[in-house]
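**Student:** The structure under discussion is supplied below as structure tokens; questions concerning it will follow.
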Amino acid sequence: MSLTHRKDLGLLVLRLGVGGVLFAHGAQKLFGWFGGHGLTATAAAMEQMGFKPGRRSALAAGLGEAGGGLLLALGFATPVAGAAAAGAMAGAVAVHYPAGFFAQSGGYEYPLFLGYSAAGLGVAGPGRYSLDHTTCHVLDRPWVAGLAFSASALAGAAVIRRRREHQLAAASSAVPDD
């Protein structure tokens, strides 16, 4: 087995694993599958976490995770898929950040790992065993990757900044005036 063949198989295994986990994670939010709570309950939880409006935030997170995960697993529009999933996971990292790094204490280890894995696949490309390869990489071009990751970074930063502003406003209104 050649080195190129092994790399393509390795990318397939990574895409299926990371994409499958991300799809399941997002499907919990969107549809209540795999023990999830569905869009309505996720929207309420997002509101409590400071993501407003909650329904739009839940829909964006669910689509970024489930849609990005499915596209990663298929190896289709891989840069867009990796960027979308990484952007969605940036919001999750922001939520878990106050608890520290490790997941066992509620930290951001798990969403960070998923986000970096998705981003790495988006940058590396899907390999030969993918729909991108079958379609002659029409949606797997350097300019697509640059645009997708730039848009994801800007959107993620805006969402996290807006969440922080909502948290600060809620905290200041909860403090009684003397």
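The values are calculated or read from the model by the stated rules, or taken from the named source; none is laboratory data. In this text the structure is predicted, and so the values were computed from the model without any measurement. Every residue, glycine among them, receives a Cβ derived from its backbone with ideal geometry; neighbour counts consider all protein chains shown. Please note that ligands, DNA and RNA were not included when accessible areas were found on the heavy atoms of the full protein model with its side chains. Shrake-Rupley method; radii C 1.70, N 1.55, O 1.52, S 1.80 Å.
**Student:** With (1) of a type in the set (Val, Ile, Thr); (2) open to solvent by less than 50 Å² (accessible area, probe 1.4 Å); (3) under 20 Å from Ala151 (Cα atoms); (4) within 12 Å of the chain's Cα centre (by Cα) as the list, and Thr78 as the residue in question, which single condition is left unmet?
**Tutor:** (4)
**Student:** Now for a different question. One residue is enough: does the range 134-142 have a residue meeting the conditions closer than 22 Å to Gln48 by Cβ and either of a type in the set (D, E, K, R) or over 19 Å from the mean Cα position of the chain (by Cα) (or both)?
**Tutor:** no
**Student:** Identify, by number, the condition in (1) buried (at least 20 other Cβ atoms within 10 Å of the Cβ); (2) touching a Phe, Trp or Tyr at 6+ places or on another chain (Cβ under 6 Å); (3) under 23 Å from Gly32 (Cβ atoms) that Tyr108 doesn't meet.
**Tutor:** Condition not satisfied by Tyr108: (3).
Residues are listed down the side, and each one gets a yes or a no for (1) surrounded by 13 or more Cβ atoms within 10 Å (Cβ to Cβ); (2) in contact (Cβ under 8 Å) with a residue 40 or more places away in the chain:
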{"site": "Phe113", "(1), (2)": "yes, no"}
{"site": "Ser117", "(1), (2)": "yes, yes"}
{"site": "Leu147", "(1), (2)": "yes, no"}
{"site": "Leu168", "(1), (2)": "no, no"}
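**Student:** Moving on. Is it true that Val18 is open to solvent by less than 20 Å² (accessible area, probe 1.4 Å), among the β-branched types (Val, Ile, Thr), part of a helix (DSSP H, G or I) and modelled with pLDDT of 95 or more?
**Tutor:** Considered against the rule, which asks whether it is open to solvent by less than 20 Å² (accessible area, probe 1.4 Å), among the β-branched types (Val, Ile, Thr), part of a helix (DSSP H, G or I) and modelled with pLDDT of 95 or more, Val18 comes out as yes.
**Student:** Right, something else. For the structure I just gave you, tell me whether Gly32 is out of contact with any Cys (no Cβ under 7 Å at 6 or more places or on another chain) and at pLDDT 95 or above.
**Tutor:** On the way: out of contact with any Cys (no Cβ under 7 Å at 6 or more places or on another chain): yes; at pLDDT 95 or above: yes.
Judged against the criteria, Gly32 is a match.
**Student:** Sort through Gly68, Gly10, Gly36 and tell me the only one that's within 15 Å of the chain's Cα centre (by Cα) and open to solvent by less than 60 Å² (accessible area, probe 1.4 Å).
**Tutor:** Of Gly68, Gly10, Gly36, the one residue that is within 15 Å of the chain's Cα centre (by Cα) and open to solvent by less than 60 Å² (accessible area, probe 1.4 Å) is Gly68.
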